[in-house]
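Everything on this sheet refers to the single structure shown next.
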Amino acid sequence: MTDQTQDNEPIIIKKYANRRLYNTETSSYVTLDHLAQLVREGRDFVVQDAKSQEDITRAVLTQIIFDQESKGQQMLPVPFLRQLISFYGDQMQAMVPGYLQSAMDAFTSNEDQMRSLFESGINPTQIFSMMDDVAQQNMAIFKQAMSLFNPLSAMTAKPQVKPAPQKEGNDKIDALEKQLAAMQEQLDSMRKK
């Protein structure tokens with residue numbers, strides 16, 4: 001990783017009306033590929049509209065993802081994209097960013113272990129099977145958490161995990177904590193292998 005800018009301030013990238021991107025740190029024009037490289041290096045940046053000073057970082061990051069996907073480096077499966085789109089305008093929309101951030105944080109925290117599994121010569125099919133199990137458990141926990149906020153979905157959804165006792169809200173939270181602990185145990189056992 002390269003050093004951050006002074007005082008760990010994010011790099012300011014200006015986007016001009018002609019769609020050109022200007023890196024104020026290096027005083028040079030950059031491309032989306034340059035910004036993607038900054039992300040890979042762990043550099044923080046903010047993209048501002050040069051005229052209005054509006055923060056347009058989210059739109060530019062989305063554009064980088066689109067650019068990478070159209071170059072054949074596809075990571076986002078079509079069913080995932082469909083599910084993501086279906087949450088726009090839904091009452092659960094506010095929950096999705098936090099869940100996705102938590103899932104990416106968990107994946108990132110286990111990245112080193114996953115790399116060592118791939119390098120250890122374990123059959124990739126086993127690794128993907130373990131990842132799939134964890135993903136299914138995450139989704140089951142997410143669905144159960146969603147039912148806490150939407151009682152109607154709890155009545156219509158088929159539970160994929162053991163239903164939490166309906167006595168009190170605390171019982172549901174206890175059940176979620178137990179499921180998280182079980183997932184942590186599974187991850188710990190995967191690390192030991």
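Note down the accessible area of Glu177, probe 1.4 Å, to the nearest 10 Å².
110 Å²
At a 1.4 Å probe radius, which order do Ile56, Ile85 fall into by accessible area, largest first?
Ile85, Ile56
With every protein chain left in place and a probe of 1.4 Å, what is the accessible surface of Ser120, to the nearest 10 Å²?
80 Å²
What dipole magnitude, in Debye to the nearest 20, does the stretch 1-89 give about its Cα centre under +1 on Lys/Arg Cβ and -1 on Asp/Glu Cβ?
Roughly 440 debye, rounded to the nearest 20.
Quick one: pull the percent of accessible area on the stretch 1-105 belonging to carbon and sulfur, 1.4 Å probe, ligands and nucleic acids left out.
With neighbouring chains kept in place, the figure for the stretch 1-105 is 55 percent.
Mean projection of the alpha-carbon convex hull of the stretch 28-85 over all orientations, in nm²?
Orientation-averaged projected area of the Cα hull: 5.2 nm².
The values are calculated or read from the model by the stated rules, or taken from the named source; none is laboratory data. Note that the coordinates shown come from a computational prediction; the quantities given were computed from them, not determined experimentally. Using ideal geometry, Cβ is built from the backbone for each residue, glycine included, and neighbour counts are taken over all protein chains shown. Heavy atoms of the whole protein, side chains included, go into the accessibility calculation; ligands, DNA and RNA do not. Shrake-Rupley method; radii C 1.70, N 1.55, O 1.52, S 1.80 Å.
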